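In what follows, a single structure is set out as structure tokens and then discussed.
The values are calculated or read from the model by the stated rules, or taken from the named source; none is laboratory data. Bear in mind that the values here come from a model prediction, so they are computed numbers and not experimental data. Note that each Cβ is placed from the backbone with ideal geometry, even for glycine, and that neighbours are counted across all protein chains shown. Calculation scope for accessible area: heavy atoms of the full protein, side chains included, ligands and nucleic acids excluded. Shrake-Rupley method; radii C 1.70, N 1.55, O 1.52, S 1.80 Å.
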Amino acid sequence: MKSKLPVLLLGLALAVPGMAATVSCPDLATAVQVAACPAEEELKYTFTGYCSDDGKAYRGDTDVCTDYQRYRKLKNVALWESADGVFNAYVSCDRSPASVKAARVSAVRVGKQGKMTQLVCGYGEGISFTWRTRAECKLEAGNCAADPAACKASCD
């Protein structure tokens, strides 16, 4: 059973006003795939259902429906989490688990989506692990690409 203590402590630190917490990008060597990759038969079946939705055609959302390989690239993903369960990402199932675990953080950014703050850690080749919170976060100074330990933010 995976301990949720680090998550609880981080949540408690962010819940106490005026108490800032430093959040670092996760090391993917300990990341885990928490959802199975879809089978090829499932992808083909859902391609037909997804692309036969008339609402998508009326909105012009049919770009992935013109070619099965484009659809497959979009939907052939599995959910991954950092070891503590705080960060998550949808990663292409065409990548081997070993290559995901070998990826090293090279960029970090803070974004807003409504009232939520997103700390997004980029690992190159389309891998981005995200932590979502209601806390306000600011990137800490440092060259993230040169020093992975500098890929962190202060959140309160």
Backbone HN-Hα couplings from phi across the range 84-100 [Karplus 6.51/-1.76/1.60, Hz, Gly and Pro as x]
8, x, 7, 9, 9, 7, 9, 10, 4, 6, 6, 8, 6, x, 5, 6, 5
Accessible-area value, residue 59, 1.4 Å probe, nucleic acids and ligands omitted, Å²:
150 Å²
In debye to the nearest 20, how big a dipole does the chain give about its Cα centre with +1 on each Lys and Arg Cβ and -1 on each Asp and Glu Cβ?
280 debye
How large is Rg over Rh for the range 70-109, taking Rg from the Cα atoms and Rh as the Kirkwood inverse mean of 1/r across Cα pairs?
0.99
Given GluC sites (Glu not before Pro), DSSP loops and at most 15 other Cβ atoms within 10 Å, the longest exposed-site-free stretch of the chain is 1-124
As an exercise, find the ratio Rg/Rh for the chain from alpha-carbon atoms, using the Kirkwood inverse-distance average for Rh.
1.04
Can you pull out the chymotrypsin sites (Phe, Trp or Tyr not before Pro) in the range 48-156 whose DSSP state is coil and whose Cβ has at most 16 other Cβ atoms within 10 Å?
none
Under the definition of Cα pairs under 8 Å and six or more residues apart, what whole-number percent is the relative contact order of the chain?
26 percent
Taking +1 at the Cβ of each Lys and Arg and -1 at the Cβ of each Asp and Glu, which of 107, 37, 143 sits farthest along the dipole of the chain towards its positive end, judged by Cα position relative to the Cα centre?
143
Sorting 121, 93 by accessible area (1.4 Å probe), largest first, what list results?
93, 121
Given H placed 1.01 Å from N in the peptide plane, which residues other than close sequence neighbours of residue 122 have an amide H under 5 Å from its amide H?
106, 107, 108, 109
Leaving out ligands, DNA and RNA but keeping every protein chain, what accessible area does residue 139 have, in Å² rounded to the nearest 10, with a 1.4 Å probe?
80 Å²
